[in-house]
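Asker: My questions will all concern the structure given below.
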Amino acid sequence: MSLKDAKVSLSKISKSLEKTQDSREDLIKNTRQIITLCSESIISIHRNDTKNAAAKIQSAKKLLEKFRKEIDQSLYRYLIPSEQEFVEASSFLAIIQHKPVPTFESLKVKEESYVLGLLDCVGELRRNIYDRIRTGNLEEAKKTFDLMEDLYLELYPFASFDKVVKEARRKLDVDRILVEETRTALTEEIRRQELIDTIKKIKK
């Protein structure tokens, strides 16, 4: 009995895995730039600088296209986090600009990335609604909330795919709380504004 052949095999496997590990680490390191660009674009959207936001999203898109061409398909799962951020930023911008939310085909992302990105978008919509409430733009706040709630309801069935789309159920639980909290805040503000209007009429 001898381990000679097994040792040769293990040596080959070790080199192969080492190469894969190096490629994985390089990919994760490089895709951080995509995540940063998408995060910055979302900040720009909240600051009403949609032009800058669109430019950053476009830069992120080009980087994603570059990595998709270069990487081995076995490493594609490591692109999911950056695709997810890309979907979130792209969808949020579309909603704020009163455009249709893009499809996963048009964004050229994996199904998992698309679902997770839209789940994250719910949180950004909440922040936007609070901004509109603070500035007294209740009509836009109500419209955005209706869309936020519709998006949540469309995503809710994906809780059953939690084993395939990791973290879907957890994100849905968070989104449910965000929707309810936002509904409460918006309702209270609408009632407050109605009370103010009533008092003004009485004073007249």
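The values are calculated or read from the model by the stated rules, or taken from the named source; none is laboratory data. It should be emphasised that the depicted structure is a prediction, and the values quoted were computed from it without experimental measurement. With ideal geometry, Cβ positions are generated from the backbone for all residues, glycine too; neighbour counts draw on all protein chains shown. Just so you know, the surface numbers come from the protein's heavy atoms only, side chains and all, with ligands and any DNA or RNA stripped out. Shrake-Rupley method; radii C 1.70, N 1.55, O 1.52, S 1.80 Å.
Asker: Looking at the range 36-43, can you tell me whether even one residue there is assigned to a helix (DSSP H, G or I), farther than 30 Å from residue 194 by Cα, open to solvent by 30 Å² or more (accessible area, probe 1.4 Å) and in contact (Cβ under 8 Å) with a residue 40 or more places away in the chain?
Answerer: Looking through the range 36-43, at least one residue is assigned to a helix (DSSP H, G or I), farther than 30 Å from residue 194 by Cα, open to solvent by 30 Å² or more (accessible area, probe 1.4 Å) and in contact (Cβ under 8 Å) with a residue 40 or more places away in the chain.
Asker: Also: Among the residues of the range 78-94, are any closer than 11 Å to residue 27 by Cα, surrounded by fewer than 17 Cβ atoms within 10 Å (Cβ to Cβ), free of Cβ contacts under 8 Å to residues at least 12 places away in the same chain and not polar (S, T, N, Q)?
Answerer: No, the range 78-94 contains no residue that is closer than 11 Å to residue 27 by Cα, surrounded by fewer than 17 Cβ atoms within 10 Å (Cβ to Cβ), free of Cβ contacts under 8 Å to residues at least 12 places away in the same chain and not polar (S, T, N, Q).
Asker: Now, a different point. Can you go through 73, 58, 21, 33 and tell me which one is open to solvent by 30 Å² or more (accessible area, probe 1.4 Å), more than 22 Å from residue 106 (Cα to Cα) and not hydroxyl-bearing (Ser, Thr, Tyr)?
Answerer: Every option except 21 fails the conditions.
Asker: Let me ask something additional. Can you say whether residue 170 is crowded, with 16+ Cβ neighbours inside 10 Å and free of Cβ contacts under 8 Å to residues at least 24 places away in the same chain, as far as the supplied structure shows?
Answerer: So residue 170 does not fit the description; no.
Asker: Still on this structure: Tally the residues that are of a type in the set (A, V, I, L, M), under 17 Å from residue 49 (Cα atoms) and surrounded by fewer than 23 Cβ atoms within 10 Å (Cβ to Cβ), restricting the search to the range 95-126.
Answerer: Of the residues in that region, 2 qualify.
Asker: Restricted to the range 135-153, and to residues that are in a helix (DSSP H, G or I) and over 24 Å from the mean Cα position of the chain (by Cα), which residue is nearest to residue 100 (Cα to Cα)?
Answerer: That would be 139.
Asker: Taking the condition under 20 Å from residue 69 (Cα atoms) and exposed (fewer than 11 other Cβ atoms within 10 Å of the Cβ), does residue 7 pass?
Answerer: So residue 7 does not fit the description; no.
Asker: Filter the range 173-195 for residues that are in contact (Cβ under 8 Å) with a residue 12 or more places away in the chain and open to solvent by less than 100 Å² (accessible area, probe 1.4 Å) and give the result.
Answerer: Listed by number, the residues that qualify are 174, 175, 178, 179, 181, 182, 183, 185, 186, 189, 190, 193.
Asker: Return yes when residue 198 is modelled with pLDDT of 95 or more and among the polar types (S, T, N, Q) and no when it is not.
Answerer: The answer is no for residue 198.
Asker: Moving on to the next point. Does residue 141 meet the test of being among the small types (Gly, Ala, Ser) and either surrounded by fewer than 21 Cβ atoms within 10 Å (Cβ to Cβ) or under 23 Å from residue 56 (Cβ atoms) (or both)?
Answerer: Considered against the rule, which asks whether it is among the small types (Gly, Ala, Ser) and either surrounded by fewer than 21 Cβ atoms within 10 Å (Cβ to Cβ) or under 23 Å from residue 56 (Cβ atoms) (or both), residue 141 comes out as no.
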